[in-house]
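First up is the structure itself, then whatever we jot down about it.
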Amino acid sequence: MKTLTFALLLARFAWPQNDTGAVSGIVRELSSGQPVPDAEVAVGRTDRNGKTDAEGRYSILNVPAGQQRVTATAPRLSQHIFPRYVTKMVTVAPGQEAAGVDFGLEMPGSIAGRILDQNREPMPGIQVVLVAREYSLGSLRYVYSVMATTDDDGAYVLHNVRPGRAFLLMARKRERKMDAISPAPVDPKLRKPAFAPTFYPGTPQRDGAQLLTLRAGEQREGVDLRILRSPSYCAEGVVQAGAGPQAFPIQLEDVHASSGASGDGATFIMPTMGNTGDDGKVRLCNLAPGEYRLTVSNNRTSAAPTIFATASFTIVDRDLRNLTVVAKPVVAVAGEVTWHGEAPDPPLTQKLTVGLEPLTRAPWRGEMTSSNPSIPGSFAMPSVLADAYRIRLNGLPNDIYLKEMTYGGVDVRTEPLLAGSVADSTLRIVLARDGGNIAAKVADKDGNAVGDARVLVLPITVPSEAALAATIVSGQCDQVGVWNSNALAPGKYYVLALARPHDNSPESIGKLWGSRTHFKEIDIAPKSSVQVTLAPMDLN
Amino acid sequence: MRARFVPVALAVSVASAAFSATLSGRVVNDHEGAAVASADVRVFRTGIPGLTAELETDSEGRFYAEGLPDGEYRIEVSKLNHIASSVRTQLSASTPTTLRLRLIRCGAISGRVLQAGGQPVTGAVVYAMRTGAGAPRAEQTPGRFAHVDSQGRYRLFNLPPGQYLVAAAFGATTVRLGSSGDAGAVPGLGSGVQFYPSNARPQPFTITSGEAFPNIEISVLPSSLYSVSGAVSTSGPKTPGVFWLALASIEQPSVAVAATIAKEDGAFRFTGIPPGIYDLFASGPATGRGSSGASLSKEARFARTRVTVGSQDVEGLTLDASPGMSVTLRLRTPPSGCGSQAQLTLTSVEDWAAELIRQSPFTLAEPLTLAGLAPARYRVAVTGLGEACHVPQETVLDLSAGAREQLIITAVPAGAIHVTIAGEAKSAATVVLVDVTDRSQPLRVAGPDAKGQYTFGSLRPGRYRLSAKMSDAQQSRWTDETSAGVFIDVPAGEPVRVELPLP
């Protein structure tokens, strides 16, 4: 049966379409080298894909010629084991097979343990969350990774823990719902102690917490934690929106870490939900000392809210009174795309896609925050919630670079866009055509090409690790070690090649920062191409 | 941040000469008489809004508060994975009050889901299905369903007293499809629902108080497997988006045997389906997805048909999806006692791999018309009627055979039972009330006051069993003994008075 299949494949491949080739290889588990059957291998932006056989082999035919992103995804073993994937850039030549495109998949790890209270009683229904630290938009942010809930024995298992990455582990009691006016006793001394969000191995703050780093496939057990108790406080206040007293949907969350997209994907954890009273009043209780975020909106079925606000408050050692949150109507974000220097003649026909991505929450259904301006051109996003956003730009031609992007004077390439924070501000996108590019070739010291390496380009003048993380340009070489950058602003850069992927964690960025003076220095002149040959480095 | 993290203060005091009553007590579990640590003790003073004090039991199960104002109090004791208990008591400066309360622990069922060769059935979802009024139902409540891990292990908990069937859904389950957008049959096993120990004779587990059933191994055996394929068509205007389909056994429709997503042109194909008689459900276009399946818009279309899988593949099925139906609901209420605003919740008894749940505020005087309903069997719940008013029986809105114009739901005044415990030490008793008409209703646990009295109010009219035992009795597991206690038919309106002897 297998022979027959193979013969059929050969037969089909004997008459390839003019402009297609093939990709084949083996998918293995990285540390053991064992073949991975049933892994899916797909060619990006095409419907060409295949699955590995019992020996981990795959072969994909009729792949369009040119540079293709090929992704191998681990088989879906279970609901909780989110598939891990590896991508490669492969240059496919017409009528030829790119053989030996082999993938090494890392098996995710798991962390198990029990959550107890001060009586050593198991705590059911506790949220256990891994928190990733990463530089994003100019600062160190704490974002949720995987999550589990304890069972009746206080036990939890966190699946799909990314190996080699340092995480904090946090346990907390998060209620699904809250009352507008909590019935908690007026006197704090008559209240039950609050459950404080607790970091492993038993501290209320991120700073004293221990980092957990797993090996591929490691099943770490016994990560037990006693949850901390603290005095319990309330925050009282009112939500207003200008149109008289009314009830508003509200969401409350601690801000030790936040939901949102990160380099590892996106994890969203439901905040505690509730409504204010009909008079807009709230009394939120069972709060341990710490910082909280209250989000206010108006409820509209299957459409985004039209008013919105977030308010941060800090509980120290007493109840908080007179908290006032003013929900703001949606704001219009106007924008313009302009050329630095002369405009091309004839003008470009492509359009840019400008998207606003909420930084710490999932977008609402029907929340439309993208626009497709011409280059040059103006655009408007008429109803943006007064929140913090990351800007995604797509459709920038290869020979053009983003010179500036500001909103109300803030560089929103390296800081979040705070919609409505500055009156009458415009999102200014300035593009330039005088950029140069880097043509990199990665080879070992004997001159043999090294496929799949990452090439990183770092501006020489950056003041901090956070700024470095915000300005790195990187790409992946194809199977013969070739990578060509898109247009970059003229200037001086460090350039290096890494055999392994990098990320925006403080560990990864710290290594780059610490050894940056050892990297190759290049000067990109306007409209030039700089050829570099790099040997892959190991920063460990 | 200058946060202070302190050892837990278990005793509270209000240092004032005017307040001098003390309250103390101990909480034990019902099945062993052992201390229940870390239970919440909430103290409410009659006539005063809000909580007077929040306490927590220590490692010996004890709680203590002093300096409380004289008066009548309600004390609620609760803990996760336990049935809450409440007691009324008089507190006065002259006599310290000491309470003894029993908490009934919920049960747990755990084990593995394995193939014949002992390999785990990864990706399976295990449900504890409560038997009671109507067909056993699968709930998406924490603890009552569980994902098996990579070794095939599962653990069900938070199971109040009652009878449960245990079943594993494997392969292309609704939960997996809804969570990941992609779910397929297990090689060699296909998709299906496997009850413990067999689908022909499911074994019920009886939980009365804190039972744990370990090592309950669900074996999924290979079966001959077939495919079911066809296409969904719509006669109306073409809307973007795809249809979601579910195949559910006609005996047990609350968990689908398999779920799948149709292609853009409406073509669908289930693989790995064991022989059986099924209902095939289609709904779409999907606007998103969640753990109970596709999210649907108000313009969603639906179809259902009966499919028999015998000894060959079923091909060429055609389903014509039609717009949803409209039904007008009216609520008949007694002349007084019911609130004027209620909340209506419709949930599908059948697993359509779609979010068919509908919720709407319900103003009692006005008929409510719900549009866009699927040709499904819906369970109708009316909540928020107030303590004095109930919808007596579970109401089912059956649209499976076609539209109906209206549904009348009748509410009646709530009933009540005044219990008086006879004999010595009457205040040291624990009283349990079980709804026998619908055993899936929560159990109520209470402690009588110093005169041995307690009132269970806001009862749905129907048959109940009332039983009592000494709070410090050591023997266990009595809530489900049908021999113990007295049966009481609670009518609407007038309270029933019962004198209950202690055993």
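Here, each number is a calculation from the coordinates, and none is a lab measurement. Everything quoted here is computed from the prediction, not taken from an experiment. Please note: Cβ atoms are built from the backbone with ideal geometry, for glycine as well, and neighbour counts cover all protein chains shown.
Students often get this wrong: which residues of segment B:292-334 have the backbone nitrogen under 14 Å from the point 7 angstrom along Cα-to-C-beta of residue B:135? In segment B:292-334, the label zone of residue B:135 (backbone N under 14 Å from the point 7 Å along Cα→Cβ) covers B:305-307. Computed over neighbours whose Cβ is under 11 Å from that of residue B:127, the net charge equals +1, Lys and Arg +1, Asp and Glu -1. Residues A:339, B:352, A:483, arranged from fewest to most other Cβ atoms within 10 angstrom of their Cβ, appear as A:339, A:483, B:352. The helix-only estimate of mean residue ellipticity at 222 nm for chain B, built from DSSP H runs of length n ≥ 4 each weighted as -39500 (n - 2.57), is -500 deg cm²/dmol after division by the residue total. Sparse packing (at most 16 other Cβ atoms within 10 Å of the Cβ) combined with a DSSP loop state is found for the following GluC sites (Glu not before Pro) in segment B:258-361: B:264.
Using only alpha carbon positions, build the gyration tensor of segment B:346-457, then give the equivalent ellipsoid semi-axes as the square roots of 5 times its eigenvalues, largest first, whole angstrom.
Output for segment B:346-457: semi-axes of 39, 16, 11 Å.
Measuring from each cysteine beta-carbon in chain B, the ones with no other cysteine beta-carbon under 4.7 angstrom are B:106. Global size of segment A:370-499: 17.7, 59 Å for Rg and Dmax (C-alpha atoms, Rg to one decimal, Dmax whole). Taking other C-beta atoms within 10 Å as the exposure proxy, B:243, A:313 rank A:313, B:243 from fewest upward. In this calculation the C-beta distance from residue B:305 to residue A:275 is compared with R0 = 56 Å, giving a FRET efficiency of 0.85.
Label separation (residue B:463 vs residue A:460): 9.1 nm, computed from points 7 Å beyond Cα along the C-beta direction.
With the highest mean first, a sort of the peptides B:449-455, A:382-388 on other beta-carbon atoms found within 10 angstrom per residue produces A:382-388, B:449-455.
Cross-link check: pairs A:441/A:520; A:88/A:511; A:403/A:492 evaluated at a Cα-Cα cut-off of 19 Å; pairs beyond the cut-off: A:88/A:511. The residue B:151 and residue B:312 beta-carbon pair, evaluated with R₀ = 30 Å, returns a calculated FRET efficiency of approximately 0.25.
Can you tell me, using C-alpha contacts under 8 Å and at least 6 residues apart, the relative contact order of segment B:99-189 as a whole percent? Relative CO of segment B:99-189 lands at 32 percent. Suppose R0 equals 35 Å; then what is the FRET efficiency for residue B:403 and residue A:49 from their Cβ-Cβ distance, rounded to the nearest 0.05? So, using R0 = 35 Å, E works out to roughly 0.20. In this simple spin-label model, placing a label point 7 Å from the Cα along the Cα-to-Cβ direction at both residue A:38 and residue A:160 gives a separation of 1.7 nm. Let a ≥ b ≥ c be the square roots of the eigenvalues of the Cα gyration tensor of segment A:265-317; is it rounded (a/c under 1.5), or, if not, prolate (a/b larger than b/c) or oblate? Oblate is the answer for segment A:265-317, as a/c is 1.5 or above yet b/c matches or exceeds a/b.
Calculate the translational D of chain B in whole µm² s⁻¹ from Stokes-Einstein, where the hydrodynamic radius comes from the Kirkwood formula applied to all Cα pairs, the temperature is 25 °C and the viscosity 0.890 mPa s.
After rounding, the answer is 97 µm²/s.
Applying the criteria of a DSSP loop state and at most 16 other Cβ atoms within 10 Å to the GluC sites (Glu not before Pro) of segment A:169-241 yields A:175, A:218, A:221. Among the chymotrypsin sites (Phe, Trp or Tyr not before Pro) in segment A:178-242, none sits in a DSSP loop with a Cβ that has at most 10 other Cβ atoms within 10 Å. Scalar couplings 3J(HN,Hα) for segment A:271-276, obtained by applying the Karplus form with A = 6.51, B = -1.76, C = 1.60 to θ = phi - 60°, are x, 6, 10, x, 9, 6 Hz; x denotes Gly and Pro. Convex hull volume per residue, computed on the Cα atoms of the protein assembly as shown, equals 196 Å³. The base-10 log of I(q)/I(0) for segment A:427-540, evaluated at q = 0.14, 0.17 Å⁻¹, reads -0.56, -0.82 [Debye formula, identical scatterers on Cα atoms, solvent excluded].
Segment residue A:476..residue A:99, full-extension length gain: 133.9 nm, with 0.36 nm per residue of separation and the alpha-carbon distance subtracted.
Under 1.5 on a/c is rounded, so check that first for segment A:183-328, then, if it is not, pick prolate when a/b is larger than b/c and oblate when it is not; a ≥ b ≥ c are the square roots of the alpha carbon gyration tensor eigenvalues. Oblate, because a/c is 1.5 or more while a/b does not exceed b/c. The mean number of Cβ atoms from other chains found within 10 Å of a Cβ in peptide B:148-159 is 3, as a whole number.
Ordered by the count of other Cβ atoms within 10 Å of each Cβ, fewest first, A:403, A:527 give A:527, A:403. With a simple spin-label model that places each label point 7 Å from the Cα along the Cα-to-Cβ direction, the separation between residue A:69 and residue B:227 comes to 3.2 nm.
Residues whose amide H comes within less than 5 Å of that of residue A:534, counting only those at least five positions distant or on another chain, are A:441, A:442, A:443 (H built at 1.01 Å from N in the peptide plane). In terms of overall dimensions, chain A has a Cα radius of gyration and Dmax of 26.4, 83 angstrom.
Quick check: net charge around residue B:141, other residues with Cβ under 12 Å of its Cβ, Lys/Arg +1 and Asp/Glu -1? That sum, taken over residues with Cβ under 12 Å, equals +3. Overall size of segment B:83-228 from C-alpha positions, given as principal axis extents largest first: 76, 32, 32 Å. Legend note: in chain A, cysteines whose Cβ sits 4.7 Å or more from every other cysteine Cβ are A:477.
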